[in-house]
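A short worksheet on the structure shown next.
The values are calculated or read from the model by the stated rules, or taken from the named source; none is laboratory data. Small disclaimer: the values here were computed from a predicted structure and weren't measured. Ideal geometry is used to build each Cβ from the backbone, glycine not excepted, and the neighbour counts take in all protein chains shown.
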Amino acid sequence: MLKNRQITLASHAHGVPQVDNFSMIETPVPTPGAGQFLIRNLYFSLEPAIRGWLEGKANYFEPIPLGGVVRGPSVGRVIESNNPDYAVGDIVFALNQWEDYSICNADTILLEKLQPQDDTPLSWYVGPLGGSGTTAYVGLHEIGHIKAGQTVVVSAAAGATGSMVGQIAKQRGCRVIGIVGSDAKAQMLVDDFGFDGAINYNTCTDITAAVMAQAPDGVDIYFDNVGGPILNAMLLTMKVQGRIVCCGMISDYNRTENPNPITNLWEVVARQLTMQGFLLFTYHDQVPAAQAQLAEWITSGKIKVLEHITKGIANTPAAFCELMSGKTTGKALVQLDLPEEQ
């Protein structure tokens, strides 16, 4: 009898998550009911947002209870179906759980039937053609109102979303500056991804001055993945009527009980800034067009894909902890290790 391995929350995370915050259990493979279908998960998308669900506090999703299965986006294959819209063999993206097999229905969050091309790795539908790429695209266009000739700055620029933001902005004819945590990452952005400049915040004593040195006329769009001190510094670099796209607050995810203060908020008024947060599922109807454009750029080589793949469901907790400690570059994901016949 097949077993369903599941990664559960063993203890609430405090600070940087640790492997012992998680546990792995085995349960029977679930049977789909009326209108449901069963998928075999193939890839987990590791997202910093998951950190906010691990400490027993509600945010835009309910927290994961102790003993509950950790949730996260995944790509999987339908292996049994009682839903006429989803046939055996279909590939789907959805917000499921960290487990081998998941039950889905028409109301599953972020559910999307994929049409993978033969020469496109399925893992790309987790990252550059999935949530990371579409978050970057939608944020820049719907919130940032990006136009050619503008200056765009992005934090966590070597990460899954940040690396896509910078490359998309270059395709739109913008000047792009990335903020990262190491000299190696900064060099990679310029040499491999075509950024116009990069700043290592760990060695930079004045982020505001460093950005203004590379963008003396100011910044049109700041795509914020980190919040905290970098957001505070960036408020002093913005042009009048600039836009700040608030995508994430990574700098506070591991310190929710003592978040970083933001002392320069007056600049939102003084510079007449637009500062807006967004969640991708609110713009779900924009995703297909975003994916189509991203696929064109990626297949033509105009946008490069950077992945950090961990193999084996048992290694998911360690891979997530590595992500949250800032040690990864590109899209972090887990490739599940079930035999193909399963």
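Output the number of the condition that G131 fails; it satisfies all remaining conditions of (1) modelled with pLDDT of 95 or more; (2) buried (at least 22 other Cβ atoms within 10 Å of the Cβ). The number of the failed condition is (1). Count of the range 65-93 residues, restricted to those that are farther than 22 Å from G159 by Cβ, surrounded by 20 or more Cβ atoms within 10 Å (Cβ to Cβ) and touching a residue at least 40 places away in the same chain (Cβ under 8 Å), is 3.
Name the pairs whose Cβ atoms lie under 9 Å apart, with the first residue in the range 224-243 and of a type in the set (S, T, Y), the second crowded, with 23+ Cβ neighbours inside 10 Å and not in a strand (DSSP E or B), and 6 or more positions between them or separate chains? What qualifies is T237/V211. Considering the range 23-124, the qualifying strands (runs of 3 or more DSSP E), each wholly inside and each with 2 or more residues that are touching a Cys at 6+ places or on another chain (Cβ under 9 Å), run over 37-45, 71-81, 91-97.
Taking the numbered list (1) in contact (Cβ under 8 Å) with a residue 60 or more places away in the chain; (2) polar (S, T, N, Q); (3) touching a Pro at 6+ places or on another chain (Cβ under 9 Å) in turn, N96 passes all entries but (1). Note on the range 227-342: enclosed helices (runs of 4 or more DSSP H) holding 3 or more residues that are among the small types (G, A, S) and under 29 Å from Y101 (Cα atoms) are 287-299. Of the candidates W98, W124, the single residue that is outside the structural domain of Q276 (by TED's automatic domain parsing), modelled with pLDDT of 95 or more and either basic (K, R) or closer than 30 Å to V226 by Cβ (or both) is W98. Applying the selection to the range 192-246, what residues are in contact with a strand residue (DSSP E or B) (Cβ under 6 Å, 6 or more places away or on another chain) and of a type in the set (D, E)? Correct list: D196, D220, D224.
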